[in-house]
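**Q** The structure under discussion is supplied below as C-alpha cells; questions concerning it will follow.
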Amino acid sequence: MELDFRKCRILAAIVEEYIDSGEPVGSKFLAEQLGNCVSSATIRNDMAALTVAGYLEQPHTSAGRLPTAKAIRLYIEQLMDRRPLTLQDRVDMNTLLSAASGDASRLLEDTCRALADITGLATVASRPERVGTCISRIDVMQMSPRNMAVVLAQDNGFLRTRMCRCQRDIPSKVTVALAEYMSRRFLGQPLTTVTITAMQEILLELGEAGLAVAPILSAFYELALECAEARLAVAGQMNLLRHPAYPLDRARALIGFLNDRQQVRDLLEPSVTGIRVLLGREWHPSLEGSVMLLVPYMLGDRGQGTIGVVGPERMNYADVIPRIQYFATALGQMLGDLFEESSALDI
C-alpha cells in the first residue's frame, strides 16, 4: 500500500503520541494535531486503511489505535523529523569520548559505555570481523620461579596479559621453549584455533613436562577466549531498569537477553550503510516492546563494525539516532587512528 501525504502525517502523529503516552491514539486527538483541517470521519477512514495495511492495531478495549512494528520501522526510516545536534550536544559527547581509553583493546567498551551514559539506554558495539582475528605474538614472561605473565597480541595491535602461578618452580629455559613452541603452532592463526582440544593435544605432546606448565596453557587459552569476546561490547543494562517508559518485567527480560553474548553477536551482522531497526518482537516473544537501533562504522579495508542502542520502543528516536550516528563516526575514526599508530610502530 502506497501511503499518501495525509496518511503519513497521521501515522507519524500516532507513533509520536504512542512514544509520549504509551496509550492508544484516537481520531479526535489526531484531528487536533492536524489543526482540525481534516474531519474525524476522514481520519477514521485513513486509520482503518492503515490498520488493514498492517501499520496500526486496535486494542479490544479501546477505540484508539497503536502502531505496529511495521509502523515504527517506517517512522524511523522515513517519517521522523531529523533533529540536528546542537553545539552543546557535541561538546557533551566529545567530553565523554575524550575519556575513552587510548588502548585499542578497551576503546570499544569505553565508547559503548559513553553512548549508554549520553542516551540513558543499553548499548552494544562490535568490531569488524577481520579486525584482530589472528595471533601475532605469544610470550611467557617469568616474574618469579612460579609466577608467570602470559602475553597474547593480535594482528591489530591489541595486546592482553594474564598472570598465572605454577605448582612448582619452572626453569626459565622451559618457559622460553614453551613460548617458542606455542608460537610455532599458533602465530598467524585465528583465535578460534585455540581450543580445549588443542590444549589437550599440547599436554599430551609435552608428556610429564606438560603437567608442570598446565597453568600457563590454561592462561593462554583464557586469553584467547577473552580476545574473541572483546569483539563485542555491551553496556548500560542497568539504565533499562530506570527508564520511565519501560515496565520492570520487560526491562529484566531484555537484560537477560543482553547477558547472552552469543545471542547479541548473532544480531550484529554487517549491514548496508544506514540505520538498522531490529524490533524485539521479531527476536523473541518475551522481548516485545523492545528495539535495537544499529549504525555501522567503517575501518577502511579492515571492514565494518556496528554500534547501537537497545531499549523500549517508546524511546525518543529523533534525539537518540543522531547521537548513535555521531558515536559511530567517532569510533571509526578513533579505532582507525590507533590501528595506523600500531602499524607505524611495527614498521
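The values are calculated or read from the model by the stated rules, or taken from the named source; none is laboratory data. Remember, it's a predicted structure, so these values are computed and weren't measured experimentally.
**Q** Check Gln200, Gln263, Gln237 and return the single one that is at pLDDT 90 or above, of a type outside the set (A, V, I, L, M, F, W, C) and in the same structural domain as Arg113 (by TED's automatic domain parsing).
**A** Gln237
Residues checked against (1) within 20 Å of Met163 (Cα to Cα); (2) among the hydroxyl-bearing types (Ser, Thr, Tyr); (3) more than 18 Å from the chain's Cα centre (by Cα); (4) assigned to a helix (DSSP H, G or I):
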residue: Glu180; (1), (2), (3), (4): yes, no, yes, yes
residue: Arg185; (1), (2), (3), (4): no, no, yes, yes
residue: Ala198; (1), (2), (3), (4): no, no, yes, yes
residue: Gly210; (1), (2), (3), (4): yes, no, yes, yes
residue: Pro215; (1), (2), (3), (4): yes, no, yes, yes
residue: Tyr221; (1), (2), (3), (4): yes, yes, yes, yes
residue: Cys227; (1), (2), (3), (4): yes, no, no, yes
residue: Leu241; (1), (2), (3), (4): no, no, yes, yes
residue: Gln262; (1), (2), (3), (4): no, no, no, yes
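**Q** Right, here's the next one. Sort through Glu269, Glu282 and tell me the only one that's assigned to a helix (DSSP H, G or I) and either of a type in the set (Lys, Arg) or modelled with pLDDT under 90 (or both).
**A** Glu282
**Q** Among the helices (runs of 4 or more DSSP H) confined wholly to the range 62-163, which include 1 or more residues that are at pLDDT 95 or above and not polar (S, T, N, Q)?
**A** 104-119
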